[in-house]
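The block underneath contains the structure these notes are about, expressed in structure tokens.
The values are calculated or read from the model by the stated rules, or taken from the named source; none is laboratory data. Keep in mind that what you see is a predicted model, and the values were worked out from it rather than measured. Backbone-built Cβ (ideal geometry, glycine too); neighbour counts: all protein chains shown.
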């Protein structure tokens, strides 16, 4: 698959390698789609019919890879919802990557594509099944 419409030529190889890494490691019950200007991994409506509460006609989002103007971002809803997963990721990142982690609530930003820890991203993609994500997501909705 070509991602030239999603990312500039200078970052195309890094972007493609991220997608390939995630594809290799993410549990099979997630579907890959193109949405929000990037590649999305979602829980299909056949698995979770209510869909995303903000836009119920769409499947439940889990992970996105998006090329922004100055960085490539991975949005991982699991690290937003699961404190222990976030802590694990932060510790592992610090062990493996020489640069400081640039992160928001669910957003991991890679401004220097030479420092993308593909192996760590693969491990992160493996850490949560669709059923685990649905359980966390529905618990969060109950709290609202």
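Residue by residue, here is whether (1) in a helix (DSSP H, G or I); (2) within 17 Å of residue 41 (Cβ to Cβ) holds:
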position: 109; (1), (2): no, no
position: 119; (1), (2): yes, no
position: 124; (1), (2): yes, yes
position: 128; (1), (2): no, yes
position: 131; (1), (2): yes, yes
position: 134; (1), (2): yes, yes
position: 138; (1), (2): yes, no
position: 142; (1), (2): yes, no
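Is one or more of the residues making up the range 120-130 surrounded by 19 or more Cβ atoms within 10 Å (Cβ to Cβ) and more than 14 Å from residue 26 (Cα to Cα)? The answer is no; no qualifying residue exists. Number of residues in the range 91-102 that are in a helix (DSSP H, G or I) and more than 23 Å from residue 19 (Cβ to Cβ) equals 3. Set side by side, the residues 39, 19, 79 differ, and just one is touching a helix residue (DSSP H, G or I) at 6+ places or on another chain (Cβ under 9 Å) and in a helix (DSSP H, G or I), which is 79. Residues of the range 42-58 that are in a strand (DSSP E or B) and within 17 Å of the chain's Cα centre (by Cα): 42, 43, 52. Per the conditions (1) touching a helix residue (DSSP H, G or I) at 6+ places or on another chain (Cβ under 9 Å); (2) in a loop (DSSP other than H, G, I, E, B), the sole criterion not satisfied by residue 61 is (2).
Entry remark, the range 106-120: residues being in contact with a strand residue (DSSP E or B) (Cβ under 8 Å, 6 or more places away or on another chain) and more than 15 Å from residue 76 (Cβ to Cβ) number 2 in total. Taking the range 133-144 as the range and being at pLDDT below 95 and touching a helix residue (DSSP H, G or I) at 6+ places or on another chain (Cβ under 7 Å) as the test, only 140 passes. Note on the range 1-16: residues that are part of a helix (DSSP H, G or I) and closer than 14 Å to residue 39 by Cα amount to 4.
Evaluated against (1) assigned to a loop (DSSP other than H, G, I, E, B); (2) without any contact (Cβ under 8 Å) to a residue 24 or more places away in the chain; (3) under 13 Å from the mean Cα position of the chain (by Cα), residue 27 falls short on exactly one condition, (2). Does residue 130 qualify as being in contact with a helix residue (DSSP H, G or I) (Cβ under 6 Å, 6 or more places away or on another chain), under 21 Å from residue 20 (Cβ atoms) and touching a residue at least 60 places away in the same chain (Cβ under 8 Å)? So residue 130 does not fit the description; no.
Residues that are in contact with a helix residue (DSSP H, G or I) (Cβ under 7 Å, 6 or more places away or on another chain), at pLDDT 95 or above and under 22 Å from residue 132 (Cβ atoms) were ranked within the range 84-117; the one that is surrounded by the fewest Cβ atoms within 10 Å (Cβ to Cβ) is 92.
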